[in-house]
Amino acid sequence: VQLVESGGGLVQAGGSLRLSCAASGGTFSRNTMGWYRQAPGKQRELVATITGGGSTNYADSVKGRFTISRDNAKNTVYLQMSSLNSEDAAVYYCNLRSWLSDNVYWGQGTQVTVSS
């Protein structure tokens with residue numbers, strides 16, 4: 001399994017950004033996908049997850065501002081982020097949990113920088 005994130009970059013506070021994560025290998029549609037983030041000096045934290053059935057879960061800090069979605073035909077998961085603030089600045093990692101083995105895979109990360 002390989003995960004490749006894209007879409008990170010520099011955005012002004014209050015702005016929006018969409019991250020993408022393309023997966024290869026395995027049966028994508030059945031796997032739970034997630035986005036995590038890690039800011040400098042902090043632990044990696046959950047941002048959002050989406051199951052194969054489409055159920056979603058969000059960290060309290062991003063509820064109402066971020067939306068996770070998936071396109072199984074493209075083996076891609078997205079994270080639409082809006083109303084970004086300085087606390088959202090981090091490296092964002094895509095995560096896949098295999099429905100078959102429960103193994104977890106990570107992407108290489110994409111940097112999100114929020115300017116005030």
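Side notes on the structure shown:
- Across segment 21-33, computed HN-Hα scalar couplings (Karplus, 6.51 cos²θ - 1.76 cosθ + 1.60, θ = phi - 60°) run 9, 9, 10, 9, x, x, 9, 4, 4, 8, 7, 7, 10 Hz from first to last residue, x flagging Gly and Pro.
- Phi angles across segment 67-72 convert, under the Karplus curve 6.51 cos²θ - 1.76 cosθ + 1.60 with θ = phi - 60°, into 3J(HN,Hα) values of 9, 9, 8, 9, 10, 5 Hz, Gly and Pro given as x.
- A cut-off under 9 angstrom between Cβ atoms defines the neighbours of residue 36, and their net charge, with Lys, Arg +1 and Asp, Glu -1, is +1.
- Most tightly packed first, judged by the mean number of other beta-carbon atoms within 10 Å of their residues, the peptides 4-13, 51-60, 30-39 read 30-39, 4-13, 51-60.
- Normalised by 2.2 N^0.38 Å, where N counts its residues, the alpha-carbon radius of gyration of the chain equals 1.00.
- Label zone at residue 100 (point 7 Å along Cα-to-Cβ), backbone N below 14 Å, segment 1-33: 1-2, 24-32
- Using the Cβ of residue 103 as centre and a radius below 14 Å, the other residues enclosed give a net charge of +1, where K and R count +1 and D and E count -1.
- Per residue, the chain exposes an accessible area of 52 Å² to a 1.4 Å probe, with every protein chain left in place.
- Protein heavy-atom surface of segment 1-57, 1.4 angstrom probe: 44% of the accessible area is carbon and sulfur, with nucleic acids and ligands not counted.
- Cβ crowding within 10 Å averaged over residues, with 16-23, 99-106 ranked highest first: 16-23, 99-106
The values are calculated or read from the model by the stated rules, or taken from the named source; none is laboratory data. Predicted model, so just to flag it, every value in this text is computed and none were measured. Ideal geometry is used to build each Cβ from the backbone, glycine not excepted, and the neighbour counts take in all protein chains shown. Each accessible area value is taken on the protein alone, full model and side chains, heavy atoms only, with ligands, DNA and RNA left out. Shrake-Rupley method; radii C 1.70, N 1.55, O 1.52, S 1.80 Å.
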